[in-house]
Amino acid sequence: MRVSDRFDSAFSAVSWGRLPNFGCMASHTPADGVVADVSDLVKRYGAGATAVTALDEITLELRRGEFTAIMGPSGSGKSTLMHIMAGLDAASSGTVRLGGVDITALDDGDLTELRRRRVGFVFQSFNLLPILDVLGNVLLPFELDGRKPSAEERAWIDRLIDQLGLRNRLDHRPSQLSGGQQQRVAIARALATRPEIVFADEPTGNLDSRTGREVLGLLSDASRQHGQSIAMVTHDPVAASFADRILFLADGRIVRDSGRLQPEEIATFMLSIEAQR
Amino acid sequence: MKPSLRGQIPTLIVAVIAGTFGVALVQFDGIISAAVRADPVAGASVHTVPLLLGLAAISFIVLSLYVSGVVTSNTVATVVAGRTRQIALLRLIGSSARAERGRIAREGLLVGVIGAVVGAVIGTGVAALVGHLAVASRIFRPFVYSYATPTILLPVVAVAMTTWLAAWVGSRRVLDVRPVEALGNSTERSIPDIAVHRRRHRLALVLVIVGVVFLAAGVVLGLRFPPAVLLGLIGGLLSFSGIVFAADRVIPPVLRVVGRLVGTGTPARLAAENALRYPERSSRMTVGLVIGVTLVTTFSVTMQTFQDMLAIGARNDPQQYNGLGPIISGIVTVFSILIGFSALIAAVGLVNTLSLSVMQRTRELGLMRALGFTRRQLRSMIFAEAAALTATATVVGLVLGFVYGWIGAQSMLGGVHGHPGLVAPQIPWPIVLVVVVAAAVLTLVAAVSPSRRATRISPVAALAVE
């Protein structure tokens, strides 16, 4: 835990006041179309002889509107990378800029606000709050912000709900939904605030392959039709083949940065990484 | 497999308090009897005092054991709900449900024995200290008393047995765990066993109806014959047991109303939803406290109404009631403290179950943090949940206690000398105030440690929990 964490509760109200307009900052983000840029990012666990380096000086840029897959075998550091980029975990050194803001300098209160307003999440499972119905889960980011969606946002959410086929499930509880339906709700929630970027962590890991492909199709539609930037962590070659760009990680480094690939090519390359280890 | 004590600290605390209370009462009995024997002017009371004290001590020990039994079985049920995955895994690799339940009951016995023995040491220490102070301040003459009396084995054994039995009762759900649950993402099961529920609710209804008939008979007959209070007592026990059995029907509606009053912000709304999500869990958490508040309120309302009736009786027949006032208020004070101990056990139970249930929600709380819940929102959510639970228990307990207390006094004294007849129930405002303040303090105490733990949860760690 960082020292600043201890003080965040006392200061969070102040810091909310200090950074009231993430939205404005987003508007003058670099015009080069970079949504996230990471430089010299290092994450180390432990200290001394037992220290483990999970991320070893990673530098990368994610382009706005692109669907990027981050691939790698287990233990390659891909989840750690995503957690740090999403403001869920702290870096050991290096910087992460999200929409022009260096998030490694933010305290816990600001990071919380960042996740609420500017980042969307789709996890592998346990995405939804069991106590809220579908609509409650989709609207949760607004509710946490203490505001009602504007008319324009409301129209956007309505459109998402229709596109994702959730219209007649709005008052269902997560426990009444299938795995695929739950992921659709998570996607609707992630897109509802039109975040800078959506992070998806193995979003199809718990689904059968047909439902998985549907969910991947929805993600790539969101990117193509609405220009939504998406970063997806996965170790499934089929899932990665839906992405515009694929970053391969091994032992905490990026070993390949590629455009769209076929599942067979991805699988072959993954096997070659595994073989070298 | 050897019993493990992990997750049994809450049960241990309850056993230690019950053991301390029981042993201290027995020791006080011994001290007072020895002091009376040492007093040359005591005369005939040498025999009557120990007898009366013994009866009073047994009543209060039984009362505290009842409350600690309810609290422990509910705590164990909460622990079992949180261990579903682990139990399912053991079932999957071939352990029988009976063996798993037996293991939890053995843990209960072990914890009960340890708690009772620790309680015996503390209780004896407290009694010895008080005895010493009483002699030093010349309340008692110096007396001869051995603290190593075999009588203290009675509360020790009773506490150990109660904990064992409560663990057995509380682990009933182990039998329903299906091996396949080891594979899913199931948290607490929400599929209730409807047939069992229906049987239990029917039994509860019968108990309440029969109990109410007895209570009414107690009030009516009490206008003529004071012994009618026994009918009232039976009616009280039956109907209250009925209410405890059907707690998952009685508590949630009250919780729903109270939950709406707690607040309208997102954290408060989520807290109310959480409290209502598993009606059984919330009922488990609050029922101990309901019993505690009901006991305290019943007793003080009885006493208040009782004193009122005595006043009326004294006006009509002054000779009979000469000098009774101070004695009665002394008894009221001592008994209130003794009943307060049962309420304390109930309060510990609520603290335990709330903190267990927050611990079992680690993953959910981590998800909330990931989605943008601030620590402050998380904290106020847990405080609101604690407040909803204690407020519900307090309201239900006050209402029940008020009714029982009035019936008790009415059936006991409606027909006593001077014929007070039917008397309006008296609300003992000081006690109501004490109960409300105690509930507020309990809310804070119960919420502090879980909310601290919850705000320390790192979203990454919580999401990684499988």
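The values are calculated or read from the model by the stated rules, or taken from the named source; none is laboratory data. A quick note: this is a predicted structure, and the numbers were derived from the prediction, not measured. Cβ atoms come from the backbone with ideal geometry, glycine included; neighbour counts cover every protein chain shown. The accessibility values were calculated without ligands, DNA or RNA, using every heavy atom of the protein model including side chains. Shrake-Rupley method; radii C 1.70, N 1.55, O 1.52, S 1.80 Å.
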Short version: ³J(HN,Hα) in whole Hz for each residue of region A:177-187, in order, from phi by Karplus 6.51 cos²θ - 1.76 cosθ + 1.60 (θ = phi - 60°), x for Gly and Pro, what are they? 10, 6, x, x, 5, 4, 5, 4, 4, 4, 5
Compactness check, region A:108-182: C-alpha Rg relative to the 2.2 N^0.38 Å globular estimate gives 1.14
State to the nearest 20 debye the size of the charge dipole of chain A about its Cα centre, where the only charges are +1 on K and R beta carbons and -1 on D and E beta carbons. 440
Roughly how large, in nm² to one decimal, is the mean projection of the convex hull of the alpha-carbon atoms in region B:191-466? 15.9
May I have the pair-distance distribution P(r) for region B:362-461, computed from all Cα-Cα distances with 5 Å bins from 0 and rounded to whole percent? 2, 11, 16, 13, 11, 10, 8, 7, 6, 5, 4, 3, 2, 1, 0
Give me a single rounded figure for A:123-130: the average over its residues of other chain Cβ atoms within 10 Å of their Cβ. 5
For chain B, longest principal axis from Cα atoms; helix B:375-413 axis from its Cα atoms; angle between them, nearest 10 degrees, is 30
Computed [θ] at 222 nm, helices only, for chain A once each DSSP H run of length n ≥ 4 contributes -39500 (n - 2.57): -12000 deg cm²/dmol
Specify which residue in the list B:ILE337, B:VAL436, B:VAL208 is farthest towards the positive end of the charge dipole of region B:191-466, using unit charges on the beta carbon of Lys, Arg (+1) and Asp, Glu (-1), about the Cα centre. B:VAL436
Descending packing, highest mean Cβ count within 10 Å first, for B:384-393, A:52-61, B:30-39 is B:384-393, B:30-39, A:52-61
Considering every residue in B:166-175, what mean count of other chain Cβ atoms within 10 Å of its Cβ is obtained? 0
Hey, what angle do you get for helix B:362-371 against the long axis of chain B, alpha-carbon based, 0 to 90 degrees rounded to 10? 60
Whole-Å distance, taken between Cα centres, linking region A:219-277 and region B:327-353: 65
Assign unit charges at the C-beta atoms only (+1 for Lys and Arg, -1 for Asp and Glu), then state the dipole size of region A:172-277 relative to its Cα centre in Debye, rounded to the nearest 20. 320
Kirkwood calc, chain B, C-alpha pairs only, radius in angstrom 24.1
Once the Cα gyration tensor of region A:150-277 is found, what semi-axes does its equivalent ellipsoid get, as square roots of 5 times the eigenvalues, in whole Å, sorted largest first? 30, 16, 11
Residues meeting the amide H criterion for A:VAL35 (H placed from the backbone, H to H distance under 5 Å, 5 or more places apart or on another chain) are A:LEU62, A:ARG63, A:ARG64
Computed [θ] at 222 nm, deg cm²/dmol, chain B (DSSP H ≥ 4; -39,500 (n - 2.57); rounded to nearest 500): -28000 deg cm²/dmol
In debye to the nearest 20, how big a dipole does the protein assembly as shown give about its Cα centre with +1 on each Lys and Arg Cβ and -1 on each Asp and Glu Cβ? 1420
Can you find, among B:GLY259, B:VAL348, A:VAL233, the residue sitting farthest towards the positive end of the charge dipole of the protein assembly as shown, where Lys and Arg contribute +1 and Asp and Glu -1 at Cβ? B:VAL348
Computed over chain B: longest principal axis from alpha-carbon atoms vs helix B:97-136 long axis, angle to nearest 10 degrees, is 40
In order over region B:139-150: 3J(HN,Hα) from phi, Karplus 6.51/-1.76/1.60, θ = phi - 60°, whole Hz, x for each Gly or Pro, gives 6, 10, 6, x, 10, 9, 8, 9, 6, 8, 6, x
The long-range amide H neighbours of A:VAL198, using H built 1.01 Å from N in the peptide plane and a cut-off of under 5 Å, are A:GLY120, A:SER229, A:ILE230, A:ALA231
Going out from 0 in 5 Å bins, what whole percent of all Cα-Cα distances in region A:51-103 drops into each bin? 4, 16, 29, 29, 16, 5, 1, 0
How big, in percent, is the set of alpha carbon pairs in the protein assembly as shown lying more than 34 Å apart? 58
List A:HIS172, A:HIS235, ordered by accessible area with a 1.4 Å probe, largest first: A:HIS235, A:HIS172
Place +1 on the Cβ of every Lys and Arg and -1 on the Cβ of every Asp and Glu in region A:3-276, take the dipole about the Cα centre, and give the residue among A:PHE123, A:ALA54, A:THR193 whose Cα lies farthest towards its positive end. A:THR193
Kirkwood hydrodynamic radius (Cα pairs, Å) of region A:3-276? 19.3
What ³J(HN,Hα) values, in whole Hz, does the Karplus curve 6.51 cos²θ - 1.76 cosθ + 1.60 give for region A:147-164 when θ = phi - 60°, with x put for Gly and Pro? 9, 8, x, 5, 4, 5, 5, 4, 5, 5, 5, 4, 5, 4, 4, 5, 4, 8
Output the relative contact order of chain B, whole-number percent, from Cα pairs under 8 angstrom with separation of 6+ residues. 21
If you take all C-alpha pairs in region B:61-149, what percent of them are over 16 Å apart? 70
Taking a 1.4 Å probe, which of B:TRP164, A:TRP156, B:TRP406 shows the most accessible area, and what order do the others take after it? B:TRP164, B:TRP406, A:TRP156
Please give the direction-averaged projected area of the C-alpha convex hull for region B:1-182, in square nanometres with one decimal. 10.9
Taking A:SER150, A:SER258 and ranking on accessible area (1.4 Å, protein atoms only), highest first, one gets A:SER150, A:SER258
Within 10 Å of each Cβ in peptide A:133-143, how many partner chain Cβ atoms are there on average? Round it to a whole number, please. 2
Rg and Dmax [Cα atoms of region A:154-193; Å; Rg one decimal, Dmax integer]: 9.5, 27
